Amino acid sequence: MKIIHIADTHLGVAAFSRVDPETGMNLRETQIYDNFLQSIEEICKKRPDALLHAGDLFDSVKPRTQAYVTAFEALELLSDAGIPLIMIAGNHSIPKTRYTRAPFSLFEYHPGTVHMAYRFRYESVECGDTIFHLIPNMLNPDQYREAYNEVKRSPAHNNVLVTHGLASSISEKRLATVAEHEIDATMTTADFDYIALGHYHNQCQVGPYAWYSGSIEHVTYGEIHEKKGGLIVNTGRRTVDPLPLPKTPMIDLGSLQAEELSAGEIIGEIEARIEAITSHTPPMAQITIEGIRKETARALSGREMARIRETVLDLRIKTLSPGEIVPERRQSDSAFNIQEEFRAFVKGRGLSEKTESFILGKGLGILSSIVEEADTE
């Protein structure tokens, strides 16, 4: 069977203080909807026997109206192409109690072939020559093992395990998000024909047959160097190939040594690096300015910088004064990810630049002190 594996599409996520002039919605949110539908069109052209989504279709347990609309548009495309959709719920879009109805219940009324596991229990689905063993995000970690113990592999079929969580082999990459649970190595190293994972946004292999497809989009700047897209899986041959999918680029503009530079020279260098970008889509971009004097850093908030920022979707400037240049925490460090989560949350609120800067300054300072205290214990 030919399967395309995707995950972590996070429909409804918004970021940056930019508005789409056509819809009036957050521009980043609109981009994610548009890129998702283009991705589904690309997937339909590949004619897989099934599309497998390993969790976090939505960014929230109470999705925005447009997120629902986009999901149903995708279902129509898949239905017209005759491609079944098999999906589990992830930690972002599943209720945290059994008594709250999941957003996926609406899809039960869609006439297309849709199989969704979201009821905090193991479910299996037969599709062609393959049995899909579905374990959605659970209320607590112990339930994963209980659900896995119910799995009965069929000797007459290919067997694919699908679940959502953080593999124990990459536990240091914890994202520190709500209901993030660890998947033990027994599950990720088991002899299935394929193991499809969701939650970790970097496309990678974590077991003999276990893969994260990664997210389609860069959700935070902490993911700037991660591989995105989907995976084309042949269960009979046990082959896995990457599938590039439409996304908004996120580009690292590198570091700039600024000890001897004026604000004007720094701005000129930033503009030159942005102009060298070859992407047709205005990207998200990040540059690190090292050794910058505080008075010079303050001068980077004028009209010239505002003009340059308009040429990209977002520009993140990391400034390090001479006394702050220290080896940076690894991206996989859980504390670093907590700070990135906070930064992304604040930037997605649509605040004024002054208010956003104040909140980020205070909040990141507090988080840094907490992290340092935790590291000394």
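The values are calculated or read from the model by the stated rules, or taken from the named source; none is laboratory data. What you see is a predicted model; the values in this text were computed from it and never measured. Methodologically, a virtual Cβ is constructed for each residue, glycine included, from the backbone with ideal geometry; neighbour enumeration extends over all protein chains shown.
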(Q) Criterion first (among the aliphatic types (A, V, I, L, M), buried (at least 16 other Cβ atoms within 10 Å of the Cβ) and more than 17 Å from L37 (Cα to Cα)) does I83 satisfy it? (A) no
The number of residues in the range 188-234 that are over 18 Å from the mean Cα position of the chain (by Cα) and more than 18 Å from I43 (Cα to Cα) is 12
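To keep it simple, each residue is scored yes or no on (1) surrounded by fewer than 24 Cβ atoms within 10 Å (Cβ to Cβ); (2) at negative phi; (3) modelled with pLDDT under 95; (4) not acidic (D, E).
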residue	(1), (2), (3), (4)
I6	no, yes, no, yes
A14	yes, yes, yes, yes
S39	yes, yes, no, yes
E73	yes, yes, no, no
I88	no, yes, no, yes
T100	yes, yes, yes, yes
Taking the range 23-43 and keeping only residues that are among the charged types (D, E, K, R) and in contact with a helix residue (DSSP H, G or I) (Cβ under 8 Å, 6 or more places away or on another chain), one is left with E29, E41
Over the range 47-62, the set of residues buried (at least 24 other Cβ atoms within 10 Å of the Cβ) and assigned to a loop (DSSP other than H, G, I, E, B) is A54, G55, D56, L57
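Could you check the range 109-134 and list, in sequence order, the residues that are part of a loop (DSSP other than H, G, I, E, B) and out of contact with any Cys (no Cβ under 9 Å at 6 or more places or on another chain)?
Result: H110, P111, G112, Y118, R119, F120, R121, Y122, G128, D129.
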Taking the range 237-258 and keeping residues of a type in the set (A, V, I, L, M) and farther than 25 Å from E275 by Cβ leaves V240, L243, L245
Just one listed residue, out of I287, I216, I274, I267, is in contact with a helix residue (DSSP H, G or I) (Cβ under 7 Å, 6 or more places away or on another chain) and closer than 26 Å to D49 by Cβ, and it is I216
